[in-house]
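Encoded as structure tokens, the structure appears first; notes follow it.
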Amino acid sequence: MTTEQQRAEAAALYQQGNTFRKNGQWAEALNAYEHAAALDAESPAAAARQMLMEIIEFRCNDYYNP
């Protein structure tokens, strides 16, 4: 069960993830989205994380093979 405090923290993490993503800090965005989704399963962070993963897989194969 998610409390209001957890929902608020998840929303803040989701927004932080959006900021990271817009600034090209994809690893930080993924972490923020993952933490937000862990706090609130109904958060849009899980979908945002999945979309960002698809972008990374399409554009940046070097992230997996440094």
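Please treat every number below as a calculation from the coordinates, not as lab data. The model shown is predicted, which means the values in this text are computed figures rather than measured ones. Note that each Cβ is placed from the backbone with ideal geometry, even for glycine, and that neighbours are counted across all protein chains shown.
Between Gln25 and Ala47, the FRET efficiency estimated from the beta carbon spacing at R0 = 22 angstrom works out to 0.70.
Projecting the Cα atoms of Ser43, Gly24, Leu13 onto the charge dipole of segment 4-63, computed from C-beta unit charges around the Cα centre, puts Gly24 farthest toward the positive end. Within 10 Å, Cβ to Cβ, of Leu30, how many net charges do the neighbouring residues add up to if Lys/Arg are +1 and Asp/Glu are -1? Once positives and negatives cancel, what remains is 0.
By the scheme Lys and Arg +1, Asp and Glu -1, what is the net charge of all other residues having a beta-carbon under 13 Å from that of Ala41? Provide the component values of the computation, followed by the final result.
Details: positive: Arg7, Arg49; negative: Glu34, Asp40, Glu42.
Once all neighbours under 13 Å are counted, the net charge is -1.
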